[in-house]
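Peer 1: If you scroll down you'll find the structure; I have some questions about it.
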Amino acid sequence: MNVLTIPGKRLFLSGDEAVARAALEVGVQVATGYPGNPGTKAITALIPIAHQFGMTVEWSVNEKVALEVATGAAWAGQRSLVAMKMSGVNVMADSLLSIAHSGVNGALVIYAVDDVGTYFGMVEQDSRHYALLASLPLLMPASPEEAYKMTRTAFAVSEQTGAPVLILSTTAVSNSITAMKVGRIERDTQERAVGFQRNLAKFTKAVPQWCRDQHADAITRLEQAGELFGQAAETNLLFIPDHHKHRKGNKRLGIVVAGVSYSYLQELQGRSDDFASIAIFKLGSVHPLPQEALRDFLAQVDVVLVLEELEPLIETQVLALIAEAGLHVRVLGKRTGLLPRVGDYSLELVEEAVAKLIEGEVGQQTPTSPRGREGIETRYPTINRGSTLGFHGHSTRDIKVVAPPARSLEFCPGCPHRMTYYALNRAIERLGYTHDEVITTGDAGCTIIGMNAPLDACWTEVSMGASIGIAQGLKYAGIERPVLAAMGDGTFYHNGIAGLLNAVQSGVNLTLIVLDNSCIAMTGMQPDAGTGRRADGEPTIRADIAMIVRGCGVECVRRLNPYDLSKMIETLQEAMKFPGVSVVIAEAPCTTQGVLINERPVQVDQDACMAGRGCEDTPCYHKVGCPSVLLSLDDVRPRLSIDTATCVACGLCMDACPFDAIKPVADLEQKQQDVRNTIAVANVLRRNIED
Amino acid sequence: MAAEEAGEEVRVLSRVSLARLGGSGMCHIRIGPSASAAIPVGEADILLALEMSEVLRAIPMARHGAVAFVNTYRRLPIATGVAGLHYPTRSEVEEALTSRGITCIFVPESLAGLVEDAIEHDIDDARINIIMLGIFCGYTRLLPRPSLEKAVTERLPHFAVENLRTFAAGWSYGERLTHSTS
């Protein structure tokens, strides 16, 4: 049963799913997005019930297209939703600003999630700035329950004002799960006429005056949205202590807070009586700020602490309000260096900042570091954060006892990407280069795992599809050795094609490897344009990468199965020597499902294995880097074995073994049977001789 | 789900888990009223480690006096072999926990031969999460067994029979631990 439609008034939902449930309730007709964490689960939750409720839900080819599709539906009068992680906001930005200025006829809600603390990798960014840039109304939930309520509010406000509304969540909210009260699914009452009137002054940017008018209209809509946010229950919350309690010493204290920091503040309120004397303004509508209410609030405090993750966006506006109103309020936050601009907040950090507010200890400070004052930042060590694509073995840095081992991401057992990068390393060696002499620019997604040991293949990661442009630039700079770019099929469709076209036109020599597993594997095996099925499982036209590449003008195009290792090595050698742009498409399905590639699973023949007795570098382990190849250091000599529960029999470890000690299990069983037979025959002979 | 069924407020936070790809994952579960799903540093009552060394990463989360259930399953990161990094021994892990005032309960990788249910039904040790859930709940009695069994059934209906058997084996082992430590 789908998590969104389990009977009952209380559902156990994540922040992402809460957005999806609210959208379902209010009658969303079109929902689009691009997979990427955090934020994937909003669309994922809607897909299985799309047909049941007459919705169109799709994984679009990229976030810009997703926004445009959702906008088209909203221009035709429908309610639409588009969802993505923060990187996608950058991708759709060009269309976002244009659409924000045009407005919508129905309702358009944009759900984006900032990975504050970068638990999933990529850029730690404060996407609230896009709301300012595009004159977009912006809501920020502090919890999954608020994500649900704010989504309902966002649809209503978008429909009333014509402004697309941005809901910006963070990892700590979108990945939290809790039980919440939900409303009825009232889609039947949400029927609306579909139509689109030609209005060039609103929907084109052809005339400068129209553009100026649209800008003005966007600002008007923004102001209207701000008024409606102010009327919506629980969007902004205000707590002013009784007059006699409000003074702490000779100062009146206040806190302005937005996002998940409010939940930490709520917890602290339950732990300390000190909060009874502190005024609190919790902001749900971050753009526009409820200026009048905020100004009134600031007029009632002498010192105010601003709690917001990442950039001092609210803090700066608070300072402007104070200056405009001629108030004398001291502001504590990032600009004084008290709080960090990097990483996510925690209860401990908020507690420390509030303690400084109460104690009045904070003098005028100069920011020493974007990470904040040393006192706060180092007192609470990062727990299990680290880059998901790198090592995070130092997370218990305050512990003097043994540390956990560093863990970098590894390809799954039998992953075709491992075969390709392994072949690439061999091809580089055969061309007479060392591993460090040939640059391979990498790209987002599973394929970047090739940067980790022992493959050590990729050198860079910028953004979806950027690897080929970076590679071209390296060649322009004069690097004469081969330069390669590596990206997955999802990345190629998303934003890689333009870079390829550019490289072909430039005439540089470089090789693009497209590691094609026919899906977007990293985020949950969502379909892409090359999968041949849509998000709902229905079959659709399958894009052909080789045809696209040839259409771009690439003459050297090779498509092959990376499990054919010797052919893969030869092909990569050939491609690296080709004058011009060459493309190698390594095509094989993702092995996450654990389906055997070869019908003959393998195991280590311990008699033949020479580990620790002539085979010191154990290439089956150290060069392959497969989680199914197990190395035990408990015995007198290293002992290698294959975890048959996870091995999919790709055969790479067999190829790597110089002593032919890894064999199909069936052969080993036959060998053991032969040995038993030989011993039995020998025993019979011995008895005969003895008789 | 079981806590919700038992009438408790629950919040769960799983910021990221890429264990499938060799990374580490940590999930916070708060039972009882709380505004945030994130457990404050140094306030966790229970640590449940599905891999032996990973409990070290969670130590700062635990309060003095917490209990850690640590499965002795070891997943050596490739880097342990490639870069010659040290994988902690069991005694090092135990010392790290006890030095922080955390009671450490090691759980063997396989329950085969240790509890009757495991012997009778050929329990799949790969269901390490269900085993640990059973052990932890059998030991602490934090939540009613029927609520837990209902949640195990509803969470993955296709594997309900196998998961319930595994859960029962874990529960038995946890109960026995209670008696041996009391």
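Peer 1: Of the conditions (1) open to solvent by 50 Å² or more (accessible area, probe 1.4 Å); (2) touching a residue at least 12 places away in the same chain (Cβ under 8 Å), A:Leu685 clears all except one; give me its number.
Peer 2: Every listed condition holds for A:Leu685 apart from (2).
Peer 1: Return yes when A:Gln224 is within 30 Å of A:Thr161 (Cβ to Cβ) and either more than 14 Å from chain B (Cβ to nearest Cβ) or touching a Gly at 6+ places or on another chain (Cβ under 7 Å) (or both) and no when it is not.
Peer 2: Spelling it out, A:Gln224 is indeed within 30 Å of A:Thr161 (Cβ to Cβ) and either more than 14 Å from chain B (Cβ to nearest Cβ) or touching a Gly at 6+ places or on another chain (Cβ under 7 Å) (or both).
Peer 1: Next question. Could you check the range A:1-94 for helices (runs of 4 or more DSSP H) lying wholly inside it with 1 or more residues that are within 20 Å of A:Ile497 (Cβ to Cβ) and open to solvent by 10 Å² or more (accessible area, probe 1.4 Å)?
Peer 2: Ranges flagged: A:63-75.
Peer 1: Okay, next question. Just for helices (runs of 4 or more DSSP H) wholly inside the range A:542-650: which have at least 3 residues that are buried (at least 20 other Cβ atoms within 10 Å of the Cβ) and in contact (Cβ under 8 Å) with a residue 24 or more places away in the chain?
Peer 2: Values: elements: A:545-551, A:565-577, A:619-622.
Ranges flagged: A:545-551, A:565-577.
Peer 1: Does A:Glu480 qualify as being more than 30 Å from A:Gln593 (Cβ to Cβ), in a loop (DSSP other than H, G, I, E, B) and either open to solvent by 10 Å² or more (accessible area, probe 1.4 Å) or of a type in the set (Phe, Trp, Tyr) (or both)?
Peer 2: Numbers: more than 30 Å from A:Gln593 (Cβ to Cβ): yes; in a loop (DSSP other than H, G, I, E, B): yes; either open to solvent by 10 Å² or more (accessible area, probe 1.4 Å) or of a type in the set (Phe, Trp, Tyr) (or both): yes.
So A:Glu480 passes the test.
Peer 1: Quick check on the range A:221-272: of everything there that is among the polar types (S, T, N, Q) and within 31 Å of the chain's Cα centre (by Cα), which residue is farthest from A:Glu352 (Cα to Cα)?
Peer 2: Going residue by residue through the range A:221-272, those that are among the polar types (S, T, N, Q) are A:224, A:231, A:235-236, A:250, A:261, A:263, A:266, A:269, A:272.
When the remaining residues are screened for being within 31 Å of the chain's Cα centre (by Cα), the result is A:235-236, A:261, A:263, A:266.
Working: A:Thr235: 26, A:Asn236: 24, A:Ser261: 13, A:Ser263: 15, A:Gln266: 14 Å.
Only one residue fits best here, namely A:Thr235.
Peer 1: Which one is farthest from A:Leu139 (Cα to Cα) among residues in the range A:314-328 that are touching a Leu at 6+ places or on another chain (Cβ under 8 Å) and open to solvent by 20 Å² or more (accessible area, probe 1.4 Å)?
Peer 2: Within the range A:314-328, the match that is farthest from A:Leu139 (Cα to Cα) is A:Leu327.
Peer 1: Of all residues being farther than 26 Å from A:Val157 by Cβ and not charged (D, E, K, R) in the range A:102-126, which is farthest from the other protein chains (Cβ to nearest Cβ)? Just the residue, please.
Peer 2: A:Val123
Peer 1: While we're here: Before we move on, is A:Ala586 modelled with pLDDT of 90 or more, closer than 16 Å to A:Pro416 by Cβ, aliphatic (A, V, I, L, M) and touching a His at 6+ places or on another chain (Cβ under 9 Å)? If you could, list the steps in order and put the result at the bottom.
Peer 2: Details: modelled with pLDDT of 90 or more: yes; closer than 16 Å to A:Pro416 by Cβ: yes; aliphatic (A, V, I, L, M): yes; touching a His at 6+ places or on another chain (Cβ under 9 Å): yes.
Taking the combined requirement at face value, the residue satisfies it.
Peer 1: Which of the residues belonging to the range B:1-21 are free of Cβ contacts under 8 Å to residues at least 24 places away in the same chain and among the charged types (D, E, K, R)?
Peer 2: Answer for the range B:1-21, where residues must be free of Cβ contacts under 8 Å to residues at least 24 places away in the same chain and among the charged types (D, E, K, R): B:Glu4, B:Arg15, B:Arg20.
Every residue, every condition in (1) closer than 26 Å to A:Phe120 by Cβ; (2) open to solvent by less than 10 Å² (accessible area, probe 1.4 Å); (3) more than 7 Å from chain A (Cβ to nearest Cβ), yes or no:
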residue	(1), (2), (3)
B:Val12	yes, no, no
B:Leu21	yes, yes, no
B:Gly25	yes, no, yes
B:Pro33	no, no, yes
B:Ser36	yes, yes, no
B:Ile39	yes, no, yes
B:Leu48	yes, no, yes
B:Arg63	no, no, yes
B:Phe69	no, yes, yes
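Conditions tested, residue by residue: (1) open to solvent by 70 Å² or more (accessible area, probe 1.4 Å); (2) under 27 Å from A:Ser102 (Cα atoms); (3) over 27 Å from the mean Cα position of the chain (by Cα).
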residue: A:Arg152; (1), (2), (3): yes, yes, no
residue: A:Thr170; (1), (2), (3): no, no, no
residue: A:Thr178; (1), (2), (3): no, no, no
residue: A:Arg184; (1), (2), (3): yes, no, yes
residue: A:Ala193; (1), (2), (3): yes, yes, yes
residue: A:Lys205; (1), (2), (3): yes, yes, yes
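Peer 1: Please go through the range A:549-589 and pick out each residue that is in contact with a strand residue (DSSP E or B) (Cβ under 9 Å, 6 or more places away or on another chain) and within 15 Å of A:Asn425 (Cα to Cα).
Peer 2: A:Pro562, A:Lys567, A:Met568, A:Thr571, A:Leu572, A:Glu574, A:Ala575, A:Met576, A:Val584, A:Ala586
Peer 1: Just checking, does the range B:67-78 include any residue being closer than 17 Å to A:Arg407 by Cα and either β-branched (Val, Ile, Thr) or modelled with pLDDT of 95 or more (or both)? Lay out the reasoning, then the answer.
Peer 2: Residues of the range B:67-78 that are closer than 17 Å to A:Arg407 by Cα, as a first pass: B:73-78.
From what is left, the residues that are either β-branched (Val, Ile, Thr) or modelled with pLDDT of 95 or more (or both) are B:78.
Within the range B:67-78, one or more residues are closer than 17 Å to A:Arg407 by Cα and either β-branched (Val, Ile, Thr) or modelled with pLDDT of 95 or more (or both).
Peer 1: If A:Ser174 satisfies every condition in (1) under 18 Å from the mean Cα position of the chain (by Cα); (2) open to solvent by 20 Å² or more (accessible area, probe 1.4 Å); (3) among the hydroxyl-bearing types (Ser, Thr, Tyr) but one, which is the exception?
Peer 2: Going through (1) under 18 Å from the mean Cα position of the chain (by Cα); (2) open to solvent by 20 Å² or more (accessible area, probe 1.4 Å); (3) among the hydroxyl-bearing types (Ser, Thr, Tyr) one by one, A:Ser174 breaks only (2).
Peer 1: Just checking, which of A:Val514, A:Val508 is under 30 Å from B:Ala19 (Cβ atoms) and modelled with pLDDT of 95 or more? Step through it out loud before you land on a result.
Peer 2: Numbers: A:Val508 fails: under 30 Å from B:Ala19 (Cβ atoms).
Among A:Val514, A:Val508, only A:Val514 is under 30 Å from B:Ala19 (Cβ atoms) and modelled with pLDDT of 95 or more.
Peer 1: For the range A:107-126, which residues satisfy the criterion of being at negative phi, of a type in the set (A, V, I, L, M, F, W, C) and surrounded by fewer than 24 Cβ atoms within 10 Å (Cβ to Cβ)?
Peer 2: Restricting attention to the range A:107-126, the residues satisfying the condition of being at negative phi are A:107-116, A:119-120, A:123-126.
Remaining after also requiring of a type in the set (A, V, I, L, M, F, W, C): A:107-110, A:112-113, A:116, A:120, A:123.
Across the range A:107-126, the qualifying residue is only A:Val123.
Peer 1: Right, next: I'd like the residue in the range A:127-150 that is open to solvent by 10 Å² or more (accessible area, probe 1.4 Å) and within 14 Å of chain B (Cβ to nearest Cβ) and, out of all such residues, is nearest to B:Arg15 (Cα to Cα). Spell out how you get there, then give the answer.
Peer 2: Pass one, the range A:127-150, residues open to solvent by 10 Å² or more (accessible area, probe 1.4 Å): A:129-130, A:132-133, A:135, A:140, A:143, A:145-146, A:148-149.
Right, trim to within 14 Å of chain B (Cβ to nearest Cβ) and you get A:143, A:145-146.
Values: A:Ser143: 14, A:Glu145: 17, A:Glu146: 18 Å.
The selected residue is A:Ser143.
Peer 1: Starting from the range A:41-57, take each residue that is polar (S, T, N, Q) and list its partners that are at pLDDT 95 or above and surrounded by 22 or more Cβ atoms within 10 Å (Cβ to Cβ), counting only C-beta distances under 6 angstrom and pairs at least six apart or across chains.
Peer 2: Short answer, once both residue conditions are applied: A:Thr56/A:Val30.
Peer 1: Quick check on this structure: which one of A:Leu168, A:Leu238 is outside any helix (DSSP H, G or I), over 30 Å from A:Thr118 (Cα atoms) and of a type in the set (A, V, I, L, M, F, W, C)? Let's see the steps before the verdict.
Peer 2: On the way: A:Leu168 fails: over 30 Å from A:Thr118 (Cα atoms).
Residue meeting the stated conditions: A:Leu238.
Peer 1: A follow-up question, please. Mind listing whichever residues of the range B:126-142 are surrounded by fewer than 18 Cβ atoms within 10 Å (Cβ to Cβ) and not β-branched (Val, Ile, Thr)?
Peer 2: B:Ala126, B:Asn129, B:Arg141, B:Leu142
Peer 1: Go through the range A:235-283 and give me each residue that's closer than 23 Å to A:Pro141 by Cα, of a type in the set (A, V, I, L, M, F, W, C) and either within 14 Å of chain B (Cβ to nearest Cβ) or surrounded by fewer than 24 Cβ atoms within 10 Å (Cβ to Cβ) (or both).
Peer 2: A:Leu237, A:Leu238, A:Phe239, A:Ile240, A:Val257, A:Val260, A:Leu265, A:Leu268, A:Phe275, A:Ala279, A:Ile280
The values are calculated or read from the model by the stated rules, or taken from the named source; none is laboratory data. Computed from a prediction, not measured in an experiment: that's the story for all the values here. Cβ atoms come from the backbone with ideal geometry, glycine included; neighbour counts cover every protein chain shown. Accessible surface areas use protein heavy atoms only, side chains included; no ligands, DNA or RNA. Shrake-Rupley method; radii C 1.70, N 1.55, O 1.52, S 1.80 Å.
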